[in-house]
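Some notes on the structure that comes next.
The values are calculated or read from the model by the stated rules, or taken from the named source; none is laboratory data. The structure presented is a predicted model; accordingly, all values stated were derived computationally and were not measured. Cβ sites come from the backbone with ideal geometry, for glycine too, and all protein chains shown count toward neighbours.
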Amino acid sequence: MQKFHSIATDRYIPLSFDNAYLFSQYDRISNFLVFNLDKTYRNFLAKPVKSNYEIDWYSVHTDLQPIEQSDHREFGLKQYWLVFEELQKQVEELLRSNDSNVQYWGAILKTVLNPEDNLIFTNGKDISIVWGWKFENNQNSKPNLLIDNIPDALLPPQILIEEPKLDIEKQPTTAKTQTEKMVSDENNTDTAPRDAYFSPTIEQQGIVAATKKARLLTFLKYIAVTYWWVLILLLVLICLVFFFKSLTIKS
């Protein structure tokens, strides 16, 4: 490995996880990526080495430059987001696990992989990530599409849709001609009954019935809430009718 970047420890705030600085857990994180996820991530993260009041960053890749100063900025961003999105899928699977130890690794990787706290370096062929510190970097914007990395043979064929040609000489359809057409269509349905075009299934009939029932319940609820005093008045009148009817029977 060779040194390609340095940062001052008093310039940025170090990120912590589980009561320890994140950058001090490089070996554990790197080994987990290699042995539990994929070997292609072996050199994805740069290695931090503390030297007095600086953190030196090392990588096996040569000629690395910040993407902001590199002629390969677009390449660096695309490669970063390809790896980031693939790792995010695996991180989400780790977080969904019922094993607390597996969830722990999902949480620590989620902290490591944060576009705002990652600095991307590239040489046009490889990328390396400086991480573990609160960089508050807004330069790692996601490209619009990563489709440029997909071979043409894997892309779906383009289908040309021909726009309908307008007949300028055709007379516009007026309300009268539209009505005549509807009457003509109605007269030509002898050989094709209406039920042949639409025959609701049992499921559709059930949906219609449920909708009607829901509307009825909504209407009754509205009546009960808005005109509750009418219901009370009716109840009092009914009680009076039965009361006077009972007096008549006794007399």
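To keep it simple, each residue is scored yes or no on (1) modelled with pLDDT of 90 or more; (2) more than 27 Å from ASP63 (Cα to Cα).
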{"site": "GLU93", "(1), (2)": "yes, yes"}
{"site": "SER100", "(1), (2)": "yes, yes"}
{"site": "TYR104", "(1), (2)": "yes, yes"}
{"site": "ASN114", "(1), (2)": "yes, no"}
{"site": "ASP117", "(1), (2)": "yes, no"}
{"site": "PHE121", "(1), (2)": "yes, no"}
{"site": "LYS134", "(1), (2)": "yes, no"}
{"site": "LEU154", "(1), (2)": "no, yes"}
{"site": "SER184", "(1), (2)": "no, yes"}
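What residue, of TYR80, TYR58, is surrounded by 14 or more Cβ atoms within 10 Å (Cβ to Cβ) and assigned to a strand (DSSP E or B)?
Working: TYR80 fails: assigned to a strand (DSSP E or B).
Selected residue: TYR58, the only one of TYR80, TYR58 that is surrounded by 14 or more Cβ atoms within 10 Å (Cβ to Cβ) and assigned to a strand (DSSP E or B).
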- Message: So, GLU116, is that one in a helix (DSSP H, G or I) and either surrounded by fewer than 17 Cβ atoms within 10 Å (Cβ to Cβ) or touching a residue at least 60 places away in the same chain (Cβ under 8 Å) (or both) or not?
- Response: yes
- Item | Pairs with Cβ under 6 Å, 6+ apart, first in segment 32-57 and within 19 Å of LEU94 (Cα to Cα), second at pLDDT 90 or above and polar (S, T, N, Q) | LEU37/GLN90
- Count of residues meeting criterion [out of contact with any helix residue (DSSP H, G or I) (no Cβ under 9 Å at 6 or more places or on another chain) and over 18 Å from ASN137 (Cα atoms)] in segment 87-114: 5
- Taking segment 37-49 and keeping only residues that are at pLDDT 90 or above and not in a loop (DSSP other than H, G, I, E, B), one is left with LEU45, LYS47, PRO48, VAL49
- Task: Give the residue that is farthest from the chain's Cα centre (by Cα), with candidates limited to residues of segment 1-36 that are among the hydroxyl-bearing types (Ser, Thr, Tyr) and part of a strand (DSSP E or B).
- Result: SER6
- Task: Specify which of the listed residues (ASP27, ASP18) is at pLDDT below 90 and either exposed (fewer than 11 other Cβ atoms within 10 Å of the Cβ) or outside the structural domain of ILE67 (by TED's automatic domain parsing) (or both).
- Result: ASP18
